[in-house]
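Asks: Before we start, here is the structure in question, set down as structure tokens.
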Amino acid sequence: MNILMAIHIAAGLAALPAGTAAVAARKGGWLHAKAGSAFFGAMLVLGITAALLEPYRNPPGSPVGGIIVCYFVATSWVAARRRDGRTGRFEIIACAAALLLGTLMAYGAVTGAGSTPVGRGPVFFMAGLVLLAGLLDLNAILRAPLTAVQRLSRHLWRMCFAFFIATGSFFLGQQDVLPAAVRGSPILFVLAFAPFAVMAFWLAKLRFPKTIGRLALRARPAGRGAEAPATN
């Protein structure tokens, strides 16, 4: 178990810089692809080791969290790889797994078997999110081939949610390993929830490219060498 825990910690530490590099790099570029693949691998190892370690905690935990991590990061990575927008056997299996897992989580929350120390609310939320993701898998299967915007949106929100699992787990869940001066600081909450801000920006840019472009032109400082907005 000590070796497995060391692998789990190493994967988590690798996921943070890899995810940050993927977010910061030019989208579609070489660095973005390499950093995204590194993030995918690290998060996959993180999810698998978490699922294996949870039953050995005291008290024992559920492997569901680790499985959810694997599901989101895998479906996001595959969406990025399928440049033709088509879906296949993987999406069908992922859809069935998400719908089954979400249903079991909801049932556990209703019966009390899946409650957490802070109540059933987080379980209901995660069950709803997993069910939504499964329904979106089904939608992608039925609508395939997906447009570029649909495919990239699918990749983006799933990868950003997986990134939030990494940032939230570290900056909020592991504050005891951070310097005492920053524990409980609002900065940690900003860092933890930053993936959602990134997700919102890029989803808006995908869906409303002309509007975001005009806002960027308006925000550009005037001066020598500045380009004037094009007029129609």
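Asks: Rounded to the nearest percent, how much of the accessible area of the chain (1.4 Å probe, protein heavy atoms only) is carbon and sulfur? Write down the numbers at each step before the final one.
Replies: Working: 9540 of 13870 Å².
Using a 1.4 Å probe with all protein chains present, the chain comes out at 69 percent carbon and sulfur.
Asks: Measuring with a 1.4 Å probe in the full set of protein chains, what accessible area per residue, in whole Å², belongs to the chain? Write out the running numbers ahead of the final one.
Replies: Numbers: 13870 Å² over 232 residues.
I get 60 Å² per residue for this part.
Asks: Just want the answer: with Cβ charges of +1 for Lys and Arg and -1 for Asp and Glu, which residue in 112, 204, 80 is farthest toward the dipole's positive end in the chain?
Replies: The one lying farthest along the dipole's positive direction is 204.
Asks: Can you tell me the 0 to 90 degree angle between the C-alpha axis of helix 148-171 and the longest principal axis of the chain, rounded to 10?
Replies: Its long axis makes an angle of about 50 degrees.
Asks: In nanometres, what is the gap between the two model label sites at residue 4 and residue 132, each 7 Å from Cα along Cα-to-Cβ?
Replies: Calculated label separation equals 3.2 nm.
Asks: With +1 on each Lys and Arg Cβ and -1 on each Asp and Glu Cβ, and nothing else charged, work out how big the dipole of the chain is about its Cα centre, in Debye to the nearest 20.
Replies: Numbers: 22 positive and 6 negative charges, 220 e Å.
Using only the charged Cβ atoms, the result is roughly 1060 debye.
Asks: Now for a different question. Just to confirm the number: angle between the C-alpha axis of helix 209-219 and the first principal axis of the chain, 0 to 90 degrees, nearest 10?
Replies: Helix 209-219 sits at roughly 70 degrees to that axis.
Asks: Under a point spin-label approximation (7 Å from Cα along Cα-to-Cβ), what is the residue 110-residue 25 distance to one decimal in nm?
Replies: With each label placed 7 Å out from Cα toward Cβ, I get 4.4 nm.
The values are calculated or read from the model by the stated rules, or taken from the named source; none is laboratory data. Computed from a predicted model, the values in this text were never measured in an experiment. Note that we place each Cβ from the backbone using ideal geometry, even for glycine, and neighbour counts take in every protein chain shown. What goes into the accessible areas is simple: the full protein's heavy atoms, side chains included, and nothing from ligands, DNA or RNA. Shrake-Rupley method; radii C 1.70, N 1.55, O 1.52, S 1.80 Å.
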